[in-house]
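Structure first, commentary second.
The values are calculated or read from the model by the stated rules, or taken from the named source; none is laboratory data. Note that the structure is predicted; figures quoted are calculated from it, not measured. Every residue, glycine as well, gets a Cβ built from its backbone with ideal geometry; the counts of neighbours run over all protein chains shown.
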Amino acid sequence: MSDSELADGVVLIQIGAAFDATERFSALLGWPEDSYFKTDRAMAVHGLDLVTISAADPPAEVDAQLEQWLLARGADCEKRALVPVGYNVGAFDLPFGAFLPRTSQLLSRRVVDLNAFCLAYEGRGPYQGSLPTFSGWKRLTKRYAAEKLTAVGLEESWHDAGYDAAAAIVQVAFFTSLAIP
């Protein structure tokens, strides 16, 4: 996103989707330089510049590309079975789906928020002899995901939407492999 809030003309500038560590989609959304609100902080987080964004495919084209990619992998707008996964995905990421209306019709309104796992496991879920805090679980699972993604040839690239999507799949698999005593 070009900033963290939809207000003031903020736009979606990158989208990522993944089914596993290697099957993923990632694209930039193109916007004319002066057509949206942006902050230096948001641009720095993503490592994108205005020229790169303005040269990318328009949102409607990215929407069609992602929709086709998802349909080719079994998505069905009647079932809305694709569940978004990530940190704060429901409150933060999903509202930006307004920029991808065709794709949004394929997504479930249910989400898997990785923050919920961190909260549920905080101080209760033992891991390698310790009881990690919320922040500890987040760091641990990000490190775990980076190792798993590196093993399949993906270079660590947090805040790249395609990388983050693949990492979220790995992280949720990690969390669900653990059992809270």
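Checking the structure you have, find out if any residue of the range 46-55 is touching a Ser or Thr at 6+ places or on another chain (Cβ under 7 Å), of a type outside the set (G, A, S) and either surrounded by 13 or more Cβ atoms within 10 Å (Cβ to Cβ) or modelled with pLDDT of 95 or more (or both). Looking through the range 46-55, none of the residues is touching a Ser or Thr at 6+ places or on another chain (Cβ under 7 Å), of a type outside the set (G, A, S) and either surrounded by 13 or more Cβ atoms within 10 Å (Cβ to Cβ) or modelled with pLDDT of 95 or more (or both). Could you say whether any residue in the range 84-94 is modelled with pLDDT of 95 or more, of a type outside the set (G, A, S), over 16 Å from the mean Cα position of the chain (by Cα) and in the same structural domain as Q14 (by TED's automatic domain parsing)? For the range 84-94, residues modelled with pLDDT of 95 or more, of a type outside the set (G, A, S), over 16 Å from the mean Cα position of the chain (by Cα) and in the same structural domain as Q14 (by TED's automatic domain parsing): absent.
You will find that of L12, L106, L6, L71, the residue that is in contact with a Leu (Cβ under 9 Å, 6 or more places away or on another chain), surrounded by fewer than 19 Cβ atoms within 10 Å (Cβ to Cβ) and hydrophobic (A, V, I, L, M, F, W, C) is L71 and no other. The lone criterion from (1) in a loop (DSSP other than H, G, I, E, B); (2) touching a strand residue (DSSP E or B) at 6+ places or on another chain (Cβ under 7 Å); (3) under 19 Å from V85 (Cα atoms) left unmet by S2 is number (3).
So is G86 on the phi > 0 side of the Ramachandran plot, surrounded by 15 or more Cβ atoms within 10 Å (Cβ to Cβ) and in contact (Cβ under 8 Å) with a residue 60 or more places away in the chain or not? Give the derivation first.
Working: on the phi > 0 side of the Ramachandran plot: yes; surrounded by 15 or more Cβ atoms within 10 Å (Cβ to Cβ): yes; in contact (Cβ under 8 Å) with a residue 60 or more places away in the chain: yes.
The answer is yes for G86.
Each row is one residue, and each column tells you yes or no for (1) among the charged types (D, E, K, R); (2) under 28 Å from K142 (Cα atoms); (3) not in a loop (DSSP other than H, G, I, E, B).
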{"position": "S54", "(1), (2), (3)": "no, no, yes"}
{"position": "V62", "(1), (2), (3)": "no, yes, yes"}
{"position": "L66", "(1), (2), (3)": "no, yes, yes"}
{"position": "L70", "(1), (2), (3)": "no, yes, yes"}
{"position": "A75", "(1), (2), (3)": "no, yes, no"}
{"position": "F92", "(1), (2), (3)": "no, yes, yes"}
{"position": "P95", "(1), (2), (3)": "no, yes, yes"}
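Selection of first residues in the range 135-149 that are in contact (Cβ under 8 Å) with a residue 12 or more places away in the chain and under 12 Å from I169 (Cα atoms) and of second residues that are of a type outside the set (A, V, I, L, M, F, W, C) and surrounded by fewer than 18 Cβ atoms within 10 Å (Cβ to Cβ), restricted to Cβ pairs under 8 Å at least 6 apart or on distinct chains, gives the following pairs, ordered by first then second residue: A146/E156; L149/E156. State the number of residues belonging to the range 7-26 that are free of Cβ contacts under 8 Å to residues at least 60 places away in the same chain and either part of a strand (DSSP E or B) or among the charged types (D, E, K, R) (or both). Matching residues across the range 7-26 total 3. Of everything in the range 97-148 that is of a type in the set (F, W, Y) and assigned to a helix (DSSP H, G or I), the residue that is nearest to A17 (Cα to Cα) is F99. For the range 28-47, a residue qualifies if it is touching a residue at least 40 places away in the same chain (Cβ under 8 Å), under 23 Å from L149 (Cβ atoms) and outside any helix (DSSP H, G or I), and exactly one does: G47.
The residue that is modelled with the lowest pLDDT, among those in the range 115-134 that are within 14 Å of S177 (Cβ to Cβ) and crowded, with 16+ Cβ neighbours inside 10 Å, is G125. Screening A168 against (1) of a type outside the set (D, E, K, R); (2) in contact (Cβ under 8 Å) with a residue 24 or more places away in the chain; (3) surrounded by fewer than 16 Cβ atoms within 10 Å (Cβ to Cβ) leaves a single unmet condition, (3).
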